Amino acid sequence: MSILLPLLHFLAFLVYLSLLLYLLWKDSKTLLHRVCSAFLACLTIWSVGLTFYYAPGISKSTAAYLNNISSIGWIGFASLFLWFTLIFTEKKKILNNKIIHLLLFILPVILIYMHWTGYMVADYIQRPWGWSKILSKTIWNPLFYIYYLYFTITSLYLIYLYKRKTKEPIRRKQAEIIFLTSLASLIMGTINEVILPSLGIIRIPSMANIITLIWACGLVYAITKYSFMAITPVAAAEKIVSTMIDSLLLLDKEGRIVSVNEALLNLSGYQKRELIRKPVSIFFNDTDFKNSPMNNNFNKEPVKNHEINFKTKKGNDIPILFSSSTIAKEGAITGIVCIIKDISERKGMYEKIKELVRIDFLTGCYNRRYGLELIDRQIKLASREQSSLLLAFVDVDNLKKINDAFGHNEGDQVLKKVAGLFRSTLREVDIICRMGGDEFLLAAIDSSLNEVHLFRKRLNEKLTQLNHNIEKNYQIQFSIGFSEYSPNNPKTLEELIASADREMYKEKKTKKRYV
């Protein structure tokens, strides 16, 4: 028995390894092919671990280490089989859900970790045939059995339903073979590994990986007998198109829609039948399309990353990058392939970044850099149009005292309220800029020093209303200095700011004189 057991497991290892190498040698590189290879790799690891686990003369620590290696196989294979089943039975919606992939593999990873850290095995004892593990009385072993049975029974149920529903005789035969061999392995393995040891009727060494040979051989038979994993170039192309993240359009040489992929249907909101034979211009506004290289030349010359708005069925505009290339046969254009990349998320992020760069985060006004840039542009525009511009430099009085008495948060609220006061007083075309700290710069377009009195009056009325609603023991006040850009006496922005700043300090000193 001591020689026979490792020999049996070694033979099982050789079979699994041969099947794995055969699949890796096969030319097909589909996802189903890779999952089958991973499934067989699990069984190979399981077998090689048990081969040496039962070898005569190994120490207890070595047996524990080999059993940990084997656990990768016997814990992981149920998840891989369910993954294989979902692909085989064409459960595309389930597979497209990333949460499903997480659920498929998070539990076996946790169980493998628990096994390696000693939570599933209490001890190892010597048996006549070699080492045997004593399971710990924790939740992890029952959890493994529940996971193993649930995943395998779910897989068998899905394969059984698929066998009944599929109209393809070959696929029905494949499903039948996989179902019967998997069911036989499940029943025999459960009896050997769970039921008999639990009842104490008989205790024999683990033979589950040898029993699982039935399972593996059923898969191999289905592969070799019925060309299970053969894929035609047309089927491969359809698979690639259907799983593309970007939207794809296939047009005839006249620019009419011949075929679309699922991504384009999701983007546009159309059904496929609504698009076939329609012109590609259905997705674009007339003016945009006429002025784009897609109008006349895209069926002659490639279009690469042309930015344009894509019109959905509901009339919404989505920013995209449009690329196209012709399909030619013997020098004649037979069709056009178009790729549409949705860049709305990128554009949105770009706009948010621009806003963060331009806006003062506390007050919502323009920050110093961007505000000065806008005012400088307006000065140049006023120079060209021979118009004037009124500049106001504002300093909030006694903000430090408010901060000291009520805290900096209250001071921040004051700055926000002052900024709101400016927005409610000035026009939309005017510019409000926070220079930093308690200083603001205001630019009134097409205004002059002649309007300062009216400007002050509006500000004071708003300030009176604002102070009336303040419940704490302080009043908001600010000092203002004005300067004017005049085409008859032009000044630079720096000169205008310096002039307004001087006037503001004059007003502030006057206030202090009478306090």
Q) Restricting to segment 265-280, what's the tally of residues that are under 17 Å from Ile339 (Cβ atoms) and surrounded by 13 or more Cβ atoms within 10 Å (Cβ to Cβ)? A) 5
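Among the listed residues Phe440, Phe393, identify the single one that is in contact (Cβ under 8 Å) with a residue 24 or more places away in the chain and more than 14 Å from Leu496 (Cβ to Cβ).
Going through Phe440, Phe393 in turn, just one is in contact (Cβ under 8 Å) with a residue 24 or more places away in the chain and more than 14 Å from Leu496 (Cβ to Cβ): Phe440.
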Q) Within segment 107-135, how many residues are polar (S, T, N, Q) and either surrounded by 13 or more Cβ atoms within 10 Å (Cβ to Cβ) or in a strand (DSSP E or B) (or both)? A) 2
(Q) Looking at Ile75, Ile106, Ile99 in this structure, which one is assigned by TED's automatic domain parsing to the domain that holds Leu17, more than 26 Å from Thr138 (Cα to Cα) and modelled with pLDDT of 85 or more? (A) Ile99
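Among the residues of segment 459-478, which ones are in a helix (DSSP H, G or I) and either closer than 20 Å to Gly364 by Cβ or outside the structural domain of Leu372 (by TED's automatic domain parsing) (or both)?
Answer for segment 459-478, where residues must be in a helix (DSSP H, G or I) and either closer than 20 Å to Gly364 by Cβ or outside the structural domain of Leu372 (by TED's automatic domain parsing) (or both): Leu459, Lys462, Leu463, Gln465, Leu466.
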Q) Any chance segment 84-100 includes a residue that's within 24 Å of Ile211 (Cα to Cα), among the aliphatic types (A, V, I, L, M) and in contact with a helix residue (DSSP H, G or I) (Cβ under 8 Å, 6 or more places away or on another chain)? A) yes
Q.
Could you check segment 461-482 and list, in sequence order, the residues that are surrounded by 11 or more Cβ atoms within 10 Å (Cβ to Cβ), within 22 Å of Lys400 (Cβ to Cβ) and free of Cβ contacts under 8 Å to residues at least 60 places away in the same chain?
A. Leu463, Leu466, Asn467, Ile470, Gln475
(Q) With the structure loaded, tell me whether Ile327 is in contact with a Ser or Thr (Cβ under 9 Å, 6 or more places away or on another chain), loosely packed, with under 15 Cβ neighbours inside 10 Å and at pLDDT below 85 or whether it fails that test. (A) yes
Q: Kindly list the number of the only condition in (1) modelled with pLDDT of 90 or more; (2) under 21 Å from Ser344 (Cβ atoms) that fails for Glu274.
A: (2)
Q. Among the residues of segment 437-452, which ones are more than 15 Å from Arg358 (Cβ to Cβ) and either in a strand (DSSP E or B) or in contact with a Phe, Trp or Tyr (Cβ under 7 Å, 6 or more places away or on another chain) (or both)?
A. Glu439, Phe440, Leu442, Ala443, Ala444, Ile445, Leu449, Val452
Q. When you scan segment 360-407, how many residues do you find that are more than 42 Å from the chain's Cα centre (by Cα), crowded, with 16+ Cβ neighbours inside 10 Å and within 23 Å of Lys508 (Cβ to Cβ)?
A. 12
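Per-residue answers, yes or no, for (1) of a type in the set (Gly, Ala, Ser); (2) within 38 Å of the chain's Cα centre (by Cα); (3) modelled with pLDDT under 60:
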| position | (1), (2), (3) |
| --- | --- |
| Ala175 | yes, yes, no |
| Ile201 | no, no, yes |
| Asn209 | no, no, no |
| Ala216 | yes, yes, no |
| Ile223 | no, yes, no |
| Ser227 | yes, yes, yes |
| Val234 | no, yes, yes |
Q: Could you tell me which numbered condition Leu389 fails, if it satisfies all but one of (1) at pLDDT 95 or above; (2) not assigned by TED's automatic domain parsing to the domain that holds Lys472?
A: (2)
**Q.** Within segment 483-513, considering residues that are among the polar types (S, T, N, Q) and not in a loop (DSSP other than H, G, I, E, B), the one surrounded by the fewest Cβ atoms within 10 Å (Cβ to Cβ)
**A.** Asn489
Q | Pick from segment 408-436, criterion of a type in the set (A, V, I, L, M, F, W, C) and assigned to a loop (DSSP other than H, G, I, E, B), ranking: surrounded by the fewest Cβ atoms within 10 Å (Cβ to Cβ) | A | Val429
Q: Of the conditions (1) in contact (Cβ under 8 Å) with a residue 12 or more places away in the chain; (2) β-branched (Val, Ile, Thr); (3) assigned to a helix (DSSP H, G or I); (4) loosely packed, with under 15 Cβ neighbours inside 10 Å, Thr138 clears all except one; give me its number.
A: (3)
(Q) Taking the criterion of being modelled with pLDDT of 80 or more, among the polar types (S, T, N, Q), buried (at least 20 other Cβ atoms within 10 Å of the Cβ) and in contact with a helix residue (DSSP H, G or I) (Cβ under 8 Å, 6 or more places away or on another chain), would at least one residue in segment 48-63 satisfy it? (A) no
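The values are calculated or read from the model by the stated rules, or taken from the named source; none is laboratory data. What you are looking at is a predicted structure, and each value in this text was computed from that prediction instead of being measured. Cβ atoms come from the backbone with ideal geometry, glycine included; neighbour counts cover every protein chain shown.
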